[in-house]
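**Q** After the structure tokens below, expect a handful of questions from me.
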Amino acid sequence: MSSEAQSWIDDLAEKVMSRPGKHVIASAITTSGPTHLGTVEEFFFPSVITNRLKEMGDDPDFIFIGDIMDAFDSVPSGVPGDLKPYLGKPLVDVPDPYGCHSSYGQHFLDDTVSFMNKLGVSPRVIPVTELYQAGYYDSYVKMFFERLPVVREILSVTSLKQLPDSWMDIVMPVCEKCGNIATTRVTGFDGDYIYYVDDKDVGYAKGCGHSGKIPIKSHRWKMAWRLDWPTRQAFLGVTLEGAGKDHHTRGGSWDTAEAVHKQLFGREPPLTYRWGFVLLNGRKMSKSQGVGSLSILMKYLPPEVLKYFLLRVDIEKDKNLDDSGEGLIRLIEDFEDNLKKPRDEKKRLAIHFSSPSPSWKVRFVSLLLAYELEGNWEGAKRRVGLDDDYLRPYVEAWVKSDKLPEEYRIVYRPRKAEGIALEWIRSLTGNESGAEASQKLRDISSATGVPIEEAFSSVYESLIGRKSGPRLSSLIDVLGLKRIIKDLRD
Ligand SMILES: [Zn+2]
Ligand SMILES: [Zn+2]
């Protein structure tokens, strides 16, 4: 079943379940730089489908491949050291700028794995070099060379770009002389050896001119991406693999993968799906955001809120993160609203698969306000009646940061209410909730004809000496209504 009302999660899980045999959910990234929110999509979406399948009683494999044989094509900002000389080489041959891993590629694969851990995602992680070294690709390379005209035709048709008859770049050899992978070109294949010349100019790197041959079994080559994708899907038995929507355009790599499965492997292609981009303040996120951007974000947003952000709209839509203080607070509040009462079935699933901690018992902004009023965590906890510390690091990050919107920087300065504020105080029993009390203010405003803004600023002035402030209901809950009534009457 597939319908507008059904979540993509159930939609895909049902499609997977309809396929026979062991189910394999796959994903992959090129570990070209620091993990950013866009990278999170690559492992989080397949993990959600995997979890849904498990709930349905299935036992899927979830594998995540690190494409560390890809060429190093740009130096991300904030990465230390001079890595320019390594442009054009495989990521696995670029030194780790931090010195803690065997290579640049491995360092940033581990960086991604550390964020998986923070978000509770645990696939089987496979560096692609392991697949090469184990020889999985070898027979496919031979087959592609044997059927070169068909391969060339499939690529020409599906990439919307006619390849010349001389084309034979089934693989990208690593130049033995300079170590480049981005600039080599295949000139021949004899069944055991790949012949190449290193003479391309790809902008960020230039070939050294060397020509030579390497044996297939050296595994000092990688398969061209459009052939690599269907090949690994075939030998890993992948059932479902999604990708960013850029791979799914007409002429994109999915079209090639599908044709290779059908025409060369004679097998049904895996199921696929696509996700929209993550935009940061309206612009596409990329590794150019630099080192640490995701870590910084995760200081302010608990993991479930980040996951909810990725799940709250349909998967194919772009997700725009407004990372201003106001924007992030709005996101947290939207999460809390739907946690309390999901707006619809899709939101319910978004909350469910964001795995919220049971510690969300008090509104986050109430905690922020309580902390501001008390000046410390223990006092804030007491004031709102919270009994655990799960949210403490986030609340403290907010109050110590200049990201906290000005409206939350409050000092309680009660003074005798006048006018409509006094009328409001007199109407209250002290047993109302914050929401009920602020509704009363609205009622009085419409009954008396005093404009709503005027009514609210009159109350804010009596409470905090300012014309505006945080949501009145939260402020009342944090301060306590009985105390407010007493302070504003006297
Ligand atoms: Zn490292
Ligand atoms: Zn070279």
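**Q** Given charges of +1 on the Cβ of Lys and Arg and -1 on the Cβ of Asp and Glu, with all other atoms neutral, how large is the dipole of the stretch 400-490 about its Cα centre, in debye to the nearest 20?
**A** Dipole magnitude for the stretch 400-490 comes out near 340 debye.
**Q** At 1.4 Å probe size, put Cys208, Cys178, Cys100 in order of accessible surface, largest to smallest.
**A** From most exposed to least exposed: Cys100, Cys208, Cys178.
**Q** Putting +1 on Lys and Arg Cβ atoms and -1 on Asp and Glu Cβ atoms, find which of Phe364, Leu301, Trp398 reaches farthest to the positive end of the dipole of the stretch 289-413.
**A** It is Phe364, whose Cα lies furthest towards the positive end.
**Q** Structure shown: which of Lys319/Lys403; Lys161/Lys262; Lys15/Lys341 lie over 27 Å apart, alpha-carbon to alpha-carbon?
**A** With Cα atoms farther than 27 Å apart: Lys15/Lys341.
**Q** Nearest 0.05, what FRET efficiency do Glu55 and Asp344 give at R0 = 25 Å with Cβ-Cβ as r?
**A** 0.80
**Q** Considering only protein heavy atoms and a 1.4 Å probe, what is the carbon-and-sulfur percentage of the accessible area of the stretch 13-141?
**A** Of all accessible area on the stretch 13-141, carbon and sulfur atoms account for 47 percent.
**Q** Moving to a separate point now. How high is the relative contact order of the stretch 1-72, in percent, with contacts defined as C-alpha pairs under 8 Å that are six or more residues apart?
**A** Normalised by residue count, the contact order of the stretch 1-72 is 41 percent.
**Q** Still on this structure, I have one more. Under a Cβ-Cβ limit of 4.7 Å, which cysteines in the chain have nobody to pair with?
**A** Those would be Cys100, Cys175, since no other cysteine Cβ in the chain comes under 4.7 Å of theirs.
**Q** Something else about it: Students sometimes get this wrong: rank Tyr308, Tyr98, Tyr390 by accessible area, probe 1.4 Å, all chains present, largest first.
**A** Tyr98, Tyr390, Tyr308
**Q** Just how large is the dipole of the chain about the Cα centre, in debye to the nearest 20, putting +1 at every Lys and Arg Cβ and -1 at every Asp and Glu Cβ?
**A** 580 debye
**Q** Within the stretch 289-352, what whole-number % of the accessible surface is contributed by carbon and sulfur, with the 1.4 Å probe and all protein chains included in the calculation?
**A** Ligands and nucleic acids excluded, carbon and sulfur reach 50 percent.
**Q** Let me ask something additional. Positive end of the charge dipole of the chain (Lys, Arg +1 and Asp, Glu -1 on Cβ, about the Cα centre): tell me which of Ile216, Leu475, Gly99 has its Cα farthest that way.
**A** Leu475
**Q** Using protein chains only and a probe of 1.4 angstrom, how many square angstrom of Lys118 are accessible, to the nearest 10?
**A** Ignoring ligands and nucleic acids, Lys118 comes out at about 110 Å².
**Q** Sticking with the crude label model, points 7 Å out along Cα→Cβ, report the distance from Asp82 to Arg426 in nm, one decimal please.
**A** According to this spin-label approximation, the distance is 8.0 nm.
**Q** With every protein chain left in place, what is the accessible area per residue of the chain in square angstrom, probe 1.4 Å?
**A** 43 Å²
**Q** Here is a further query. Within the stretch 420-490, which trypsin sites (Lys or Arg not before Pro) sit in a loop by DSSP and count at most 12 neighbouring Cβ atoms inside 10 Å?
**A** Answer in residue order: Lys467.
**Q** What is the calculated FRET efficiency for Gln162 to Asp443, with r their C-beta to C-beta distance and R₀ = 60 Å, to the nearest 0.05?
**A** Efficiency at R0 = 60 Å is approximately 0.25.
**Q** Now for a different question. Using label points projected 7 Å from each Cα along Cα→Cβ, tell me how many nm separate Ser357 and Lys15, to one decimal.
**A** So the two model labels end up 3.6 nm from each other.
**Q** Under a 5 Å amide H to amide H cut-off, with H placed in plane at 1.01 Å, what residues pair with Ile194 once short-range neighbours are removed?
**A** Hits under the 5 Å cutoff: Ile214, Ile216.
**Q** Based on Cβ point charges of +1 for Lys and Arg and -1 for Asp and Glu, what charge dipole magnitude is obtained for the stretch 130-226 about its Cα centre, in debye rounded to the nearest 20?
**A** Here the stretch 130-226 has a charge dipole of around 160 debye.
**Q** Multiplying the sequence separation of Ile452 and Glu418 by 0.36 nm and subtracting their Cα-Cα distance, what value in nm do you get?
**A** Difference between extended and current length: 10.7 nm.
**Q** Treating the angle as unsigned and between 0 and 90°, give the value, to the nearest 10°, between the Cα long axis of helix 364-374 and the longest Cα principal axis of the chain.
**A** 60 degrees
The values are calculated or read from the model by the stated rules, or taken from the named source; none is laboratory data. The structure presented is a predicted model; accordingly, all values stated were derived computationally and were not measured. For neighbour counting, all protein chains shown are included, and Cβ atoms are generated from backbone atoms with ideal geometry for every residue, glycine included. We work out accessible area using only protein heavy atoms, side chains counted, and drop any ligands, DNA or RNA first. Shrake-Rupley method; radii C 1.70, N 1.55, O 1.52, S 1.80 Å.
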